[in-house]
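Have a look at the structure below before the remarks.
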Amino acid sequence: MSGGKGELAPHILHVLPQGASVELISAFGNKLRHTLVTQDGELPTGLRRSAYLKPASNFPALEGLPIPGRMLKLARAITPFDLVLTHGPEALDVAMAHTLFKDAMNLPPLVHHEYAPDQWRAFRRKWYRRIALGKSAGVVVPGERLEEAALVNWQQPMGRVKRIAPGIDTKAFAKNPKNDGFRLIKHPGENWVGTWPDDPGASRIARLVRAFANLDEKWQLIVLGERQNTTGVEAEIDRLGLNDRVYFPGAVKEPARVLGLFDIFVDPGVSPIFPERLVQAMSASVPVIAPREGGTADIVSEPNREWLTEGASESMFAANLHALAKDGGLRKAIGEANRVQAVREFDRDKMIATFRRLYSSAMRREF
């Protein structure tokens, strides 16, 4: 429960915060005090130092062998706080120190957050996590893939693993964007297929270009994001004569001004991280074509699920794209269902409320 009048706000230690951390810290405001351990010793972009928010000073190094002396230093460093939040594999040594000394030193509760599967030393970290997370109050993961890893590979009990997807500002995507509010103008009578891949691999974009090639000429293909490894894609565009229908406008700072212009959103590959752009497109009432793998079937609305593809089947991908392109009423119905699903499952305000409950429960103190 919350303390009495005049009691100091709970003091939270954030170790290598990322993901939704900045959003959460801003949302909680002065209801919590925050100290942040970052790689460069500075506060993340979007946060300003105040009486309730500061970078850590003289925190022990996060790199090094997990020898007893170093673990003890880390345990002492987290002692003064009411709650410790660790983020990603680079913060696991803090979690290990917590497990080793929690009872002996009466350490505060710890909640660990993971965002993407390991790409390096995965086997070693699997075993390390089994021990390091042994006394945590929660292990937060964004989606099905990491939830399975936490339950099976890291052998965490079901009650400890918390699946919380990143929150989307669904209200911002409810507005219809202007046709000329982006660096490209959507002309009357045009339709847009859009994609914003997390991994801009040339083979995936080339597959999309080939599937797009047979659509009616009123359709344009918009590939958002940094342009990388596109030599093969450009050759395919030249071969198919699509130079006047495929555009690479680059990265976008305000997705809400763009994604609602898409008539179909395509996610060309399975991402190891939560597909935030896909959910943003859903929030903008856009139907989605994407691989079924990676938990996507649990993310999109029920009417959209039959339009997900199996594996890397190019024929199925092209068939789904052509069928959706021909039926405007179907696209609208699926888009509206996606919007409802996004608001119900991925709204930012609900995400913030979920984290508030988790952190309050860990501390046994509301804020």
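The values are calculated or read from the model by the stated rules, or taken from the named source; none is laboratory data. Note that the structure is a prediction, hence the values are computed from the model and not measured. All Cβ positions, even for glycine, are placed from backbone atoms using ideal geometry, and neighbour counts span all protein chains on display. Only protein heavy atoms, including side chains, enter the accessible area calculation; ligands, DNA and RNA are left aside. Shrake-Rupley method; radii C 1.70, N 1.55, O 1.52, S 1.80 Å.
Here is a yes/no grid of residues against (1) out of contact with any helix residue (DSSP H, G or I) (no Cβ under 9 Å at 6 or more places or on another chain); (2) without any contact (Cβ under 8 Å) to a residue 12 or more places away in the chain; (3) not small (Gly, Ala, Ser):
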site	(1), (2), (3)
ILE299	no, no, yes
GLY311	yes, no, no
GLU314	no, no, yes
ALA319	no, yes, no
LEU324	no, no, yes
ILE334	no, no, yes
ILE352	no, no, yes
ARG356	no, no, yes
SER361	yes, no, no
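Here is the figure for the range 293-312: residues that are at pLDDT 90 or above, open to solvent by 10 Å² or more (accessible area, probe 1.4 Å) and in a loop (DSSP other than H, G, I, E, B) total 2.
For the range 35-49, enumerate the residues that are without any contact (Cβ under 8 Å) to a residue 24 or more places away in the chain and open to solvent by less than 60 Å² (accessible area, probe 1.4 Å). Within the range 35-49, LEU36, THR38, GLY41, LEU43 qualify. One residue alone among ILE299, ILE352 is β-branched (Val, Ile, Thr), under 22 Å from GLY138 (Cα atoms) and under 23 Å from the mean Cα position of the chain (by Cα), and that residue is ILE352.
Being β-branched (Val, Ile, Thr) and open to solvent by less than 20 Å² (accessible area, probe 1.4 Å) is the requirement here; does VAL340 meet it? No: the conditions fail for VAL340.
In the range 131-144, which residues are at pLDDT below 95 and surrounded by fewer than 19 Cβ atoms within 10 Å (Cβ to Cβ)? Result: GLU144, single match. Scanning the range 168-197 for residues being within 26 Å of ARG239 (Cα to Cα) and in contact with a Pro (Cβ under 7 Å, 6 or more places away or on another chain) gives a total of 3. Considering ALA116, ALA97, the condition of being more than 16 Å from ALA362 (Cβ to Cβ) and surrounded by fewer than 20 Cβ atoms within 10 Å (Cβ to Cβ) is satisfied by ALA116 alone.
The single residue among ALA27, ALA61, ALA56 that is under 19 Å from TYR359 (Cα atoms), out of contact with any Gly (no Cβ under 7 Å at 6 or more places or on another chain) and among the small types (Gly, Ala, Ser) turns out to be ALA27.
The listed residues are ALA61, ALA97, ALA91, and the only one of them that is more than 19 Å from LEU133 (Cβ to Cβ) and of a type in the set (A, V, I, L, M, F, W, C) turns out to be ALA61. Scanning the range 336-350 for residues that are touching a residue at least 40 places away in the same chain (Cβ under 8 Å) and out of contact with any Pro (no Cβ under 8 Å at 6 or more places or on another chain) returns GLU336, ARG339, GLN341, ALA342, VAL343, GLU345, ASP347, ARG348, ASP349, LYS350. In the set (1) open to solvent by less than 60 Å² (accessible area, probe 1.4 Å); (2) modelled with pLDDT under 95; (3) farther than 15 Å from ARG163 by Cα, MET105 fails one condition alone, (2). For first residues located in the range 240-261 and under 20 Å from PRO287 (Cβ atoms), partners that are among the small types (Gly, Ala, Ser) and lie 6+ apart or on another chain with Cβ distances below 6 Å form the pairs ALA256/ALA172; ARG257/GLY181; LEU259/ALA281; LEU259/ALA284; GLY260/ALA284. Just a yes or no: is a residue in the range 317-332 crowded, with 16+ Cβ neighbours inside 10 Å, of a type in the set (Lys, Arg), in a helix (DSSP H, G or I) and in contact with a Phe, Trp or Tyr (Cβ under 6 Å, 6 or more places away or on another chain)? No, the range 317-332 contains no residue that is crowded, with 16+ Cβ neighbours inside 10 Å, of a type in the set (Lys, Arg), in a helix (DSSP H, G or I) and in contact with a Phe, Trp or Tyr (Cβ under 6 Å, 6 or more places away or on another chain).
All conditions but one from (1) modelled with pLDDT under 95; (2) at positive phi apply to PHE123; the one that does not is (2). In a residue-by-residue description of the range 12-24, the property of being assigned to a strand (DSSP E or B), in contact with a Lys or Arg (Cβ under 8 Å, 6 or more places away or on another chain), within 26 Å of ALA116 (Cβ to Cβ) and touching a residue at least 40 places away in the same chain (Cβ under 8 Å) applies to at least one position.
Of the residues making up the range 274-292, those that are within 25 Å of ALA172 (Cβ to Cβ) and open to solvent by 10 Å² or more (accessible area, probe 1.4 Å) number 7. Condition check: touching a Ser or Thr at 6+ places or on another chain (Cβ under 8 Å) and not in a helix (DSSP H, G or I). Does GLU336 satisfy that? Answer is no for this residue.
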